[in-house]
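Below: one structure, written as structure tokens.
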């Protein structure tokens, strides 16, 4: 069947990038594992989006027969780890613990709830008469804003992390168009979306890349009470 292995190859490409970042950044391996296992669970929400948002051919035709597929779990696993480490990898930053004085501030009392806001909001928003991609985007955006309210020090990281992941995701979408012409038109349910295409990419996909990057780039720091700081370059006298 035409396009039968495209979804597998595309999700596999993200996984290869995950492996590359994992090998290149030993200090972020724990973060990547934990974030990836959390986001992998989101792969099981695929029946929400099939076929209203898209309907991709998949291994054993699982997506079209059941709504679930293996590729979605691979994809969700990979982008979670990438999103959590991309900013630090490119800016060469490392983790440090948040001080006890900062942790005691009142705005941190509800910071875990701030991270959970997207999941609580999605349920009522899902039942409105719109495509499920839109409540997903809105919830990720609200989660990002709530995250910054609790941790203003993550403002720069959230914005830049979102833009970096948008750039990466956009490049992968362009690669999808290049290697599989006509795939987007055949698989995405464009009639139920905005109809806006940027370089042939649905606007909703680009917004997903931005919103996903903004939300997941700072989740681990909330849960682990950490902050990233610049790595100091060691001189010869510091290595003795």
Note to self: So residue 159 passes all but one of these: (1) free of Cβ contacts under 8 Å to residues at least 24 places away in the same chain; (2) within 17 Å of the chain's Cα centre (by Cα). Which condition number does it fail?
What the structure shows: (1)
Next item on the list: Check residue 112 against each of (1) over 16 Å from the mean Cα position of the chain (by Cα); (2) in a helix (DSSP H, G or I); (3) at pLDDT 75 or above; (4) loosely packed, with under 14 Cβ neighbours inside 10 Å and name the one condition it does not meet.
Entry: (3)
Margin query: Considering only residues that are in contact with a helix residue (DSSP H, G or I) (Cβ under 6 Å, 6 or more places away or on another chain), in a loop (DSSP other than H, G, I, E, B) and touching a residue at least 24 places away in the same chain (Cβ under 8 Å), which ones fall in the stretch 37-54?
Written below: 53
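For the stretch 121-240, give me every one of the helices (runs of 4 or more DSSP H) that falls completely inside it and has 3 or more residues that are touching a strand residue (DSSP E or B) at 6+ places or on another chain (Cβ under 9 Å) and at pLDDT 90 or above.
Result: 155-179, 203-216.
Every residue, every condition in (1) buried (at least 21 other Cβ atoms within 10 Å of the Cβ); (2) at pLDDT below 95, yes or no:
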site: 38; (1), (2): no, yes
site: 59; (1), (2): no, yes
site: 63; (1), (2): yes, yes
site: 75; (1), (2): yes, no
site: 88; (1), (2): yes, yes
site: 103; (1), (2): no, yes
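The values are calculated or read from the model by the stated rules, or taken from the named source; none is laboratory data. What you are looking at is a predicted structure, and each value in this text was computed from that prediction instead of being measured. Here the Cβ is made from the backbone with ideal geometry for all residues, glycine too, and neighbour counts use every protein chain on show.
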